[in-house]
Amino acid sequence: MIASAPGKVIIFGEHAVVYGRHALVSAIDLRCYVKAEKHDNIVIESQLGKTGLDFNLHPYVSYAIKRFSEIKPLKGVYIKIWSDIPIASGLGSSSAVTVSVLKALDLLFETDLSKEEIFEIARKVELDVQGIGSGIDPFISTFGGTWLIPERKKIDCDVDFTVINTGKKSVTSEMVRKVAELREKYRDVVESIFDAIDYVAIRGASALNNPEDLSFLIKVNHLLLKALGVSCSEIDDVIKKLEEIGVPAKITGAGGGGCVLALGKVDLDNYDCFKVSLNAEGVREEKLK
């Protein structure tokens, strides 16, 4: 059985959404694919290597198998993973593989899980690995589309964005912990930054058809994220180059590396640039080829 799930871009709201504020997020047309077959042992194969249950090399996949086995005990399964989504890029590769694994296991073992049930398990996996998280990545990988979170309001979005990979890895758990530590030290200041990001996300959800407002909000959101300490020199370099050609851009995802989200169709020399389509379909079964 083969299943796939999309990656994502956070248009507005990174980090603040972990603390109950709003975020605008969309599934993109880069997908992770998982093939599941019955096997005597548990085997996980990906571009990272071939292992059994391995909570260091394959943490999300291993916890997904562990959580699924609470519903349907299994002695063995062969999991093969391939993906369009760059790893540690801020584009939701971890949740896409988690949700794809759960759907492939659901198909293989005929557990007939609903999308809501798959999301709930994937949310537990996110917390198993990271300790803290907003749940938006597993949500968007499961349901697809474009949403204003936390109220799950579906948004019409027909905007061109380009994702630019800085080339530096983004480790979500590290960035989430970094912001949590900053909040612990400067709670009143950081909560005010979260509130400002919240206003940006709410306003942004209704500004998608207004290029002037959208450009302004993208710039503001990036500066607020930078104030939280989740930018880096590689991100700053990309943002500066885009500003020089008049393109508004911001961190997308946890930051500390990973990708930048730029408004419009952009090519930047010496960087991997992805013209992404939003509103991608959520988790689904793929036909055997």
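The values are calculated or read from the model by the stated rules, or taken from the named source; none is laboratory data. Keep in mind that this is a model prediction, so the values were computed, not measured. When we count neighbours, we look across all protein chains shown, and the Cβ atoms used for this are built from the backbone with ideal geometry, even at glycine. To get the accessible areas, we keep the full protein, side chains included, count just its heavy atoms, and leave off ligands, DNA and RNA. Shrake-Rupley method; radii C 1.70, N 1.55, O 1.52, S 1.80 Å.
A count restricted to the range 21-37 and to residues that are open to solvent by 10 Å² or more (accessible area, probe 1.4 Å) and either among the aliphatic types (A, V, I, L, M) or at pLDDT 95 or above (or both) stands at 7. For the range 125-150, the set of residues classified as open to solvent by 40 Å² or more (accessible area, probe 1.4 Å) and either without any contact (Cβ under 8 Å) to a residue 60 or more places away in the chain or in a strand (DSSP E or B) (or both) consists of 127, 131, listed by residue number. When residue 80 is tested against (1) assigned to a loop (DSSP other than H, G, I, E, B); (2) at pLDDT 95 or above; (3) surrounded by fewer than 17 Cβ atoms within 10 Å (Cβ to Cβ); (4) of a type outside the set (Asp, Glu), just one condition goes unmet, and that condition is (1).
Has the range 152-175 got any residue that is farther than 27 Å from residue 248 by Cα and open to solvent by 40 Å² or more (accessible area, probe 1.4 Å)? Among the residues of the range 152-175, not one is farther than 27 Å from residue 248 by Cα and open to solvent by 40 Å² or more (accessible area, probe 1.4 Å), which makes the answer no.
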